[in-house]
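Report on one structure; see the data block that follows.
The values are calculated or read from the model by the stated rules, or taken from the named source; none is laboratory data. Being a predicted model, the structure only gives us computed values, none of them experimental. Neighbour counts are summed over all protein chains in view; Cβ atoms, including those assigned to glycine, are modelled from backbone coordinates with ideal geometry. These area figures cover heavy atoms from the full protein model, side chains too; ligands, DNA and RNA do not enter into them. Shrake-Rupley method; radii C 1.70, N 1.55, O 1.52, S 1.80 Å.
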Amino acid sequence: MPYKLYYWGGIPGRGEFVRLAFEAAGTDYVDVARLPGGLQEMLALMKDPGAASIPFAPPFLVDRDLLISQVANILFYLGPRLGLAPQDEGLRHVANGLQLTITDLLAEIHDTRHPISVSLYYEQQKPESLRRSAEFLNNRLPKFLGYFERILNRNPAGREHAVGKELSYVDLSLFHLVEGLRYAFPNAMRVHEPRVPALVALHDSVAARPRIHRYLASDRRLAFNESCIFRRYPELDQQV
């Protein structure tokens, strides 16, 4: 049976981190909410009154009788099964830690446009968003990018991968991270990218992998848009 991925249809968002793992491994999966009736199926699982455990929000994965929520948790489960995690147990936990750090960065990216409250629209907190974005782009983003650059440069197996000597789900997630940041903050990324050449090289090597290259050119790949985690508001993309 193919894996079933549940995430909002129409946006790459957090679901894209899981999609990339499936695509890189050449593994069959169903992107449920993109099918007729899929959204209703997803919402029904989230509201199932008889379930002992329900996910707080998508994405979540169903593998037979097992339901797993949260991106890092899903990838920690899928990594060994898809050949996208180190065989060494210690390194698998290193990979999980890196994925959780990516999760931290995504939360800060989200908060550039929702600095006061998630329940308020961006337009209702625009002055605060301008201040938050300036702080993020000038201080927080270079710290995160610099950290991932150091991780690549210090990998004993070589700077081509974040963990170990083979492609892992962390490499795929870093690729998507760079893609999303280029969409949301193109001006800032033009300033920061020359300082993280190993991270840029990793992005390019992932994009060139045959399965990923075909996926990026296919209609399975959803375009970034202003309903996604990565949203382009030019006024927030201040020159750093």
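For the stretch 38-48, 3J(HN,Hα) computed residue by residue from phi via the Karplus equation (6.51, -1.76, 1.60; θ = phi - 60°) reads x, 4, 5, 4, 5, 5, 5, 5, 6, 10, 4 Hz, glycine and proline entered as x. Take the alpha carbon gyration tensor of the stretch 82-169, find the square roots of its eigenvalues, order them as a ≥ b ≥ c, and report rounded if a/c is under 1.5; if not, report prolate when a/b exceeds b/c, else oblate. Prolate is the answer for the stretch 82-169, as a/c is 1.5 or above and a/b outweighs b/c.
Remark: the stretch 1-68 carries 50 Å² of accessible area per residue (probe radius 1.4 Å; ligands, DNA and RNA excluded). A crude spin-label estimate for the pair A157 and R221, with each label 7 Å from Cα along the Cβ direction, gives 2.5 nm.
Proximity of backbone amide H atoms, modeled 1.01 Å from N, is registered between I229 and G13, R14 at under 5 Å, excluding neighbours fewer than 5 places apart on the same chain. Straight-line cross-link reach from K126 at under 25 Å between alpha-carbon atoms covers these lysines, not counting any fewer than eight positions away in the same chain: K143. Stretching the chain fully between R81 and E128 yields a gain of 12.6 nm (0.36 nm per residue, less the alpha carbon separation). Under the criterion of Cα pairs below 8 Å and six or more residues apart, the relative contact order for the chain equals 22 percent. With the cut-off at 1.5 for a/c, could you classify the stretch 35-94 from its C-alpha gyration tensor as rounded, prolate or oblate? Cα axes put the stretch 35-94 in the prolate bin. Amide H contacts under 5 Å for Y3: V30, restricted to partners 5 or more places along the chain or on a different chain, H placed in the peptide plane at 1.01 Å from N.
Amide H contacts of F60: Y6, each under 5 Å away and 5 or more positions distant or on a separate chain (H built 1.01 Å from N in the peptide plane; Pro and chain starts excluded).
When the accessible area of the chain is computed with all protein chains present and a 1.4 Å probe, what percentage of it is carbon and sulfur? So the carbon and sulfur contribution to the accessible surface is 52 percent. Here the gap between L43 and R214, fully extended at 0.36 nm per residue and compared with their Cα-Cα distance, gives a gain of 58.5 nm. When the Cα positions of G9, V196, I212 are compared along the charge dipole of the chain, V196 comes out farthest toward the positive end, with charges on each C-beta of Lys, Arg, Asp and Glu. Solvent-accessible surface of the stretch 88-215, averaged per residue with a 1.4 angstrom probe and all protein chains in place: 48 square angstrom.
Over the chain, DSSP H runs of length four or greater, each weighted -39,500 (n - 2.57), average out per residue to a 222 nm ellipticity of -15500 deg cm²/dmol. Here the 3J(HN,Hα) profile of the stretch 14-19, calculated from phi with Karplus coefficients 6.51, -1.76 and 1.60 at θ = phi - 60°, is 6, x, 5, 4, 7, 4 Hz, Gly and Pro shown as x. Taking a sphere under 13 Å around the Cβ of K165 and counting the other residues whose Cβ falls inside, with K and R at +1 and D and E at -1, yields a net charge of -3.
Bridgeable lysines around K47 (alpha carbons under 16 Å apart, same-chain partners fewer than 8 residues away excluded) are absent. Note on A57 and R190: the extension gain reaches 44.6 nm, defined as 0.36 nm multiplied by sequence separation minus the Cα-Cα distance.
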